[in-house]
Amino acid sequence: MAIKPFLKMMIAPESASWKSWGLLVLRLGFGLPMILLHGIPKIVRFEQLAPIFPDPLGIGSAVSLALVIFAEVGCSAALILGLFTRFSLMPLMFNFSVAAFVIHAGDPLAKKELALLYLFVYMCIFLVGPGHYSVDSAIQSKIE
């Protein structure tokens with residue numbers, strides 16, 4: 001009966017392989033759009049955005065924009081690769097905490113939704129780690 005193997009796969013205890021594939025999908029699914037839809041457009045429009053970009057830290061709009069680009073492009077690229085994953089997630093989590101709770105502080109929840117979604121996914125990856133299919137895992141296996 002073909003249904004038993006399917007059911008066993010669906011309700012069986014979680015395996016490290018399934019978790020690692022899931023983490024890879026999360027890293028790709030949230031890293032690539034961050035680079036392509038958020039980071040690169042900011043690079044392309046840097047000159048236009050620099051004078052008007054929010055400056056919630058008081059360090060200047062151009063510097064704030066540069067730091068956001070670093071997080072959205074550089075840290076997202078590292079996230080995709082699973083390279084220094086937890087370290088790379090820190091600027092991303094900070095970026096989206098500021099976006100959700102400072103920049104959009106007075107906005108309705110619907111306006112904060114995207115920033116909160118990215119923040120919570122990044123927090124989950126931070127807590128669980130990058131999984132086996134990552135550069136971090138390859139480095140760790142060489143060290144051990």
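The values are calculated or read from the model by the stated rules, or taken from the named source; none is laboratory data. Bear in mind that the values here come from a model prediction, so they are computed numbers and not experimental data. Here the Cβ is made from the backbone with ideal geometry for all residues, glycine too, and neighbour counts use every protein chain on show.
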Is there a residue in the stretch 57-79 that is touching a Cys at 6+ places or on another chain (Cβ under 7 Å), modelled with pLDDT of 95 or more, in a helix (DSSP H, G or I) and at negative phi?
-> no
Hits in the stretch 18-48 - residues which are at pLDDT 95 or above and among the basic types (Lys, Arg) | Arg27, Lys42, Arg45
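Is there a residue in the stretch 114-123 that is at pLDDT 95 or above, surrounded by fewer than 16 Cβ atoms within 10 Å (Cβ to Cβ) and aromatic (Phe, Trp, Tyr)?
We begin by selecting, within the stretch 114-123, every residue at pLDDT 95 or above; these are 114-123.
Now drop any that are not surrounded by fewer than 16 Cβ atoms within 10 Å (Cβ to Cβ), which leaves 114, 117, 120, 123.
Narrowing the set further to residues that are aromatic (Phe, Trp, Tyr) leaves 120.
Yes, because at least one residue in the stretch 114-123 is at pLDDT 95 or above, surrounded by fewer than 16 Cβ atoms within 10 Å (Cβ to Cβ) and aromatic (Phe, Trp, Tyr).
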